[in-house]
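The values are calculated or read from the model by the stated rules, or taken from the named source; none is laboratory data. Note that the structure is a prediction, hence the values are computed from the model and not measured. A quick note on method: Cβ atoms are made from the backbone with ideal geometry, for glycine too, and the neighbour counts reach across all protein chains shown. The area values use the complete protein model at the heavy-atom level, side chains included, leaving out ligands, DNA and RNA. Shrake-Rupley method; radii C 1.70, N 1.55, O 1.52, S 1.80 Å.
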Amino acid sequence: MSTSEKHTKRKSSRPAPRREEAENQFGATLKSALFGTGIALLSAMLLLFLCAGICYGTADPDALTTPLSLSALYLSAMIGGFASVRRNRGGALFCGALCGALLILAFLMINLCFHATYSRSFSPMIALLLRAVVLLFSVLGGFLGLHRRTAAGGRHRRK
């Protein structure tokens, strides 16, 4: 067997396992991001009920509606990014961004169903910026969800 035959044999046998491994890794990341998106939607619902109670208890509820709803959205995006990366056990940037993108997509679909005024109350540039902040908070939650090393240099281990 010549050297060129050895190289072609190696090249043809290696890409398939790497591709399958990458597809499996993407599938696991997608499942984790979907899990995190579900957690984010549940936490958003709970936080919005809490914010509605706070707004209802004030003299002028309209003044607090937008800031509290946006803070509930961003906090739920952070919770979703945290949960997705904890389940995925790594890939904070990609998994958090994917979770944030799925969360934005879910809220856009909810907007289409209920004809909410969220998109119409802000200019298109501000609405795009607010959605980018959702991605940012989801990635931040992802980085917060990574396992940290102890002071001795080892990892925390679950029992």
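Scanning the range 118-159 for residues that are among the hydroxyl-bearing types (Ser, Thr, Tyr) and modelled with pLDDT of 85 or more yields one hit, Ser138. Of all the numbered requirements in (1) farther than 23 Å from Ala127 by Cα; (2) modelled with pLDDT of 85 or more; (3) open to solvent by less than 70 Å² (accessible area, probe 1.4 Å); (4) in a helix (DSSP H, G or I), Leu41 misses one, and that requirement is (1). Scanning the range 14-28 for residues that are open to solvent by less than 50 Å² (accessible area, probe 1.4 Å) and either charged (D, E, K, R) or at pLDDT 90 or above (or both) yields a total of 0. Among helices (runs of 4 or more DSSP H) entirely within the range 44-122, having at least 2 residues that are open to solvent by less than 80 Å² (accessible area, probe 1.4 Å) and under 29 Å from His147 (Cβ atoms) singles out 61-88, 92-114.
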